[in-house]
Amino acid sequence: MQRTTFRDRQMVLFIEKYGALTPDLASRLFYTGLKSGKEQAGRRLQMLFKMGKVKRSMIVTCSPQYYNYL
């Protein structure tokens, strides 16, 4: 089982405070300056979801599917 990082805990705190976090916003807030920040943010949010730390809901739009982590 993976351990949570400081950044993971910051994302969970953000979700608790504001109610939701998308991978795109997570990459802008917590992975600034990293070339693969959006992918890393998405992977970490998915890992937090699998660990039961956050919930996930899908937003259906005309463009690709987006997930909100709650």
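None of the figures in this text is laboratory data; all of them are computed from the coordinates on show. All values reported here derive from a predicted model rather than from experimental measurement. No Cβ is skipped: glycine too gets one built from the backbone with ideal geometry, and neighbour counts run over all protein chains shown.
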³J(HN,Hα) across the range 13-27 via Karplus (A = 6.51, B = -1.76, C = 1.60, θ = phi - 60°), whole Hz, x for Gly/Pro? 4, 4, 4, 4, 6, 9, x, 6, 7, 8, x, 5, 5, 4, 5
Note, the range 2-8: 3J(HN,Hα) by Karplus (6.51, -1.76, 1.60, θ = phi - 60°), whole Hz, Gly/Pro = x, goes 7, 9, 7, 9, 4, 4, 4
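On a full-extension model of 0.36 nm per residue, what is the gain between Q46 and L29, subtracting their alpha-carbon distance, rounded to one decimal in nm?
Working it through step by step, the gained length comes to 4.4 nm.
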Taking only the C-alpha atoms, wrap a convex hull around the range 1-57 and report its volume per residue in Å³ as a whole number. 75
Among 51-58, 5-12, 37-44, what's the highest-first ranking by average C-beta atoms within 10 angstrom per residue? 37-44, 5-12, 51-58
In sequence order, what are the phi-derived ³J(HN,Hα) couplings for the range 31-43 according to the Karplus relation 6.51 cos²θ - 1.76 cosθ + 1.60 with θ = phi - 60°, rounded to whole Hz, with x for glycine and proline? 10, 5, x, 9, 4, 9, x, 5, 5, 5, 4, x, 5
Mind listing the long-range amide H neighbours of V54? Cut-off is under 5 Å, sequence gap 5 or more, other chains count too, H placed in the peptide plane at 1.01 Å from N. F49
For A20, enumerate residues with amide H under 5 Å from its amide H, sequence gap 5+ or separate chain, H modeled in the peptide plane. none
